[in-house]
Amino acid sequence: METGNLIEALKQLPEVRLRLIELAWEVARDDGTIDAEQLLSRGEELEEAACEAKAYADATRKAVSCLMSLGRS
């Protein structure tokens, strides 16, 4: 794949909004600390958001590895 084509393909990737970040904002107090009680009451949601973030991080690592391999060839 040519570099220009790769760059254009990467530009087409949609923005990702991780639920974990949104959840952190939702349970943050005005002073920036986390409301632990509220976070604990949303344990299942937190677990799902953490799994989503881990899957995204794993996919990102794989994509970076592929891009590095392409760069070397």
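The values are calculated or read from the model by the stated rules, or taken from the named source; none is laboratory data. No experiment lies behind these values; they were computed from the predicted model shown. Note: ideal-geometry Cβ built from the backbone for every residue, glycine included; neighbour counts use all protein chains shown.
Given the structure, is Glu15 surrounded by 10 or more Cβ atoms within 10 Å (Cβ to Cβ) and of a type in the set (Asp, Glu)? Considered against the rule, which asks whether it is surrounded by 10 or more Cβ atoms within 10 Å (Cβ to Cβ) and of a type in the set (Asp, Glu), Glu15 comes out as no.
For every residue, the table says whether it meets (1) surrounded by 10 or more Cβ atoms within 10 Å (Cβ to Cβ); (2) in a helix (DSSP H, G or I); (3) in contact with a Ser or Thr (Cβ under 7 Å, 6 or more places away or on another chain).
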residue	(1), (2), (3)
Gly4	no, yes, no
Gly32	no, no, no
Glu45	yes, yes, no
Glu48	yes, yes, no
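Just so you know, in segment 7-39 the residues that are among the basic types (Lys, Arg) and farther than 17 Å from Glu52 by Cβ include one that is farthest from the chain's Cα centre (by Cα), and it is Arg29.
Take the residues in segment 6-16 that are in a helix (DSSP H, G or I) and of a type outside the set (A, V, I, L, M); name whichever of them is farthest from Ser73 (Cα to Cα). It comes out as Lys11. Scanning segment 64-73 for residues that are modelled with pLDDT of 90 or more and either outside any helix (DSSP H, G or I) or not β-branched (Val, Ile, Thr) (or both) gives a single hit, Ser65. Among the residues of segment 15-29, at least one is in contact with a helix residue (DSSP H, G or I) (Cβ under 8 Å, 6 or more places away or on another chain) and within 29 Å of Glu2 (Cα to Cα).
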